[in-house]
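Below is one structure, written out as structure tokens; comments come after it.
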Amino acid sequence: DMDIAYALLLADRQWGSDGAVNYKQAALQVIAALKAEALNPTTHTILLGDWVSPSDAKYARSTRSSDFMQEHLRAYAAASGDAEWTRVADTDYAIIAGLQRDASPSTGLLPDFIEGVDAKPRPASPGFLESEKDGQYNYNACRTPWRIATDYLLAGDPRALAALRPINTWLRAATGGDPHKVVGG
């Protein structure tokens, strides 16, 4: 849904909204639905899904690193005028910095799922939601470096560059600089 809202904003930028489809209005509807159904207003984080209530004792204080789409959040704030999306992006960057410092200082990699976003964010426990690898850099989190890099390329946010540096350093060393050796999991 986050990608859909962003794609609609891109469509509005590319083709406008005066034709058969009002892309901007459609984007604003999806953005409003995301805020109502997928945002924890207390922690300023994206919930694991619309099936999680902000009062859920287990899952409401958790998030998925692959939902750290700061460029999308910037676009939502600009389109809607709602500063909450900027707060969510800021929270994402604070979580990234804390996890890289405390949980992955040698790689900078983020886990698939994160618990404790309202206190001290940490990698999720094994079996938290999907598998024994929930607290590891795995198939959900593999999108996170790309999302952070997109924010850096489009917005130039220095927090993105700071988050990418340890990942790039580790990745170059782990693969001997060969991008064909980058694998999932």
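The values are calculated or read from the model by the stated rules, or taken from the named source; none is laboratory data. Values in this document were obtained by computation on a predicted structure and should not be read as measured data. Only protein heavy atoms, including side chains, enter the accessible area calculation; ligands, DNA and RNA are left aside. Shrake-Rupley method; radii C 1.70, N 1.55, O 1.52, S 1.80 Å.
Key figures for this structure:
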| quantity | calculated |
| --- | --- |
| Linear extension gain, ASP102 paired with TYR139, 0.36 nm per residue minus alpha-carbon span | 11.2 nm |
| Of LEU109, LEU171, LEU73, the one that fluctuates the most in a GNM where the chain has Cα springs shorter than 10 Å | LEU171 |
| Spatial separation of Cα centroids for the stretch 25-78 and the stretch 136-184, in angstrom | 23 Å |
| List GLU132, GLU71, ordered by accessible area with a 1.4 Å probe, largest first | GLU132, GLU71 |
| Most fluctuating residue given options ARG147, ARG122, ARG159, as computed from a GNM of the chain linking Cα atoms under 10 Å | ARG159 |
| nm² value of the averaged projected area, convex hull over the Cα atoms of the stretch 90-185 | 6.2 nm² |
| Top of GLN100, GLN14, GLN29 by mean-square fluctuation, Gaussian network on the chain, Cα under 10 Å | GLN14 |
| Nearest 10 degrees, 0 to 90: helix 23-38 Cα axis against the chain principal axis | 50 degrees |
| Overall form of the chain per C-alpha gyration tensor (a/c, 1.5; a/b vs b/c) | oblate |
| Accessible area per residue in Å² at 1.4 Å probe, computed on the stretch 1-137 | 47 Å² |
| Kirkwood-based Rg to Rh ratio, the stretch 38-83, C-alpha trace | 1.00 |
| Sequence-distant lysines (8 or more away, or on other chains) whose Cα lies within less than 19 Å of LYS133 | LYS58 |
